[in-house]
Amino acid sequence: MKNRIKISTILFTCTVALMPLCATGSYTITETERSVSINPLDILNGREKHHSRKVSGRKLIKQNGKQHLRTNIYRRKTLYLTFDDGPGKGTANVLRILKEENVEGTMFFIGRKVERHRALYGQALSMPNLLIANHTYSHANGKYEKFYSHAATVIKDVDRAQRIIGGAKYLRLAGRNVWRLPQTQRNDYSLSKARRVIESPKYTALAGRGYHIYGWDIEWQFDHSTGKPSYSADHMISRINALYRSQHLVIQGKMVLLAHDAMFRTQSGLQQLRELIQILKADAWQFETIDHFTRSTPAVFVRNKASAASPKVIHLAMSKKSPLAQRSRQRKDILKILRQD
Ligand SMILES: [Zn+2]
């Protein structure tokens, strides 16, 4: 009890001392090794943890003639749960877990499957903590080398899916761990050098059309015949933590996990996903949709005459609003169309 009073007194004193600085916005508190940017108003309101979201990575800042190392005092760890190849088997289970655990996630949908599973697509759209993104129309029909040999085929296929999915151009390529973001360009290292030379111009062409292409840092593999995850949630947690410590991430402190809807179609798969999320939550991991991965926003698909002629083709012409506003608009418009069908 005595200790508690002592701590609250110190906190109160610190808070009052910082109050005159509120008007100037952020303030740098120097620690032994580093300094962090904290808004005193956030301390008063107990929101300091949220404010730390704005401070990512480590960089040197100059203040009062001294150089400080600015870093995130909370060592924020963010996981981007991404689920590929839906909508289909397992999608409803993933949606259920995301809802029950109240965490954000991203689903990379295949255009052709969206056409087939429209009710499931509608259900996904109604989820406020989910971002739906493009995973091509055909998934290359499983013939990746042929698909990525022709730029026109790739662009046509990706644009077709975008017309169906709508919204901003968040894309993951089928069968390729490729990154094309304004700050990050990576090819799939699992491919031969010769193959990379052939495919690379196609990725760049897509980026030139406004697509932001996301790969992944780590994959939770599964057995395609049984549909079950190949590794337990515990095993994945060890891999995630080891990767986080190694700092071999596209962006430090942010990890993109690839999984597939289909691997959570069974009761045991569903339980593994729930377990993974619960352990990560307890270990101070935060969850975000992929639109928060960088500050830049991709282009938005714009309505054209050809797509307007087909009532089955869903497309959106949206202004450059925040990703959240875009998502809410995307949902509203598409749900309207689904109701009309
Ligand atoms: Zn895929």
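Remarks
- Matching residues, the range 183-195, being surrounded by fewer than 16 Cβ atoms within 10 Å (Cβ to Cβ) and in a helix (DSSP H, G or I): K193, A194
- Checklist (1) within 12 Å of the ligand (Cβ to nearest atom); (2) open to solvent by 10 Å² or more (accessible area, probe 1.4 Å) applied to M107, failing item: (2)
- Some residue of the range 218-230 being among the β-branched types (V, I, T) and either crowded, with 18+ Cβ neighbours inside 10 Å or assigned to a strand (DSSP E or B) (or both): yes
- Residues that are of a type in the set (V, I, T) and over 17 Å from D291 (Cβ atoms) were ranked within the range 171-216; the one that is farthest from the ligand (Cβ to nearest atom) is V197.
- Inside the range 252-275, residues that are of a type outside the set (D, E), more than 16 Å from the ligand (Cβ to nearest atom) and out of contact with any strand residue (DSSP E or B) (no Cβ under 9 Å at 6 or more places or on another chain) make up a count of 6.
- Residue count for the range 129-158, restricted to those that are outside any helix (DSSP H, G or I) and either within 16 Å of the ligand (Cβ to nearest atom) or without any contact (Cβ under 8 Å) to a residue 60 or more places away in the chain (or both): 11.
- Residue in the range 231-251 that is surrounded by fewer than 16 Cβ atoms within 10 Å (Cβ to Cβ), among the charged types (D, E, K, R) and out of contact with any helix residue (DSSP H, G or I) (no Cβ under 8 Å at 6 or more places or on another chain) present: yes
- Residue check, E115 touching a residue at least 40 places away in the same chain (Cβ under 8 Å), open to solvent by 20 Å² or more (accessible area, probe 1.4 Å), more than 16 Å from the ligand (Cβ to nearest atom) and more than 17 Å from the chain's Cα centre (by Cα): yes
The values are calculated or read from the model by the stated rules, or taken from the named source; none is laboratory data. Quantities reported herein were computed from a predicted structural model and do not represent experimental measurements. Positions of Cβ are generated from backbone atoms using ideal geometry, with glycine treated the same way; all protein chains shown enter the neighbour counts. To get the accessible areas, we keep the full protein, side chains included, count just its heavy atoms, and leave off ligands, DNA and RNA. Shrake-Rupley method; radii C 1.70, N 1.55, O 1.52, S 1.80 Å.
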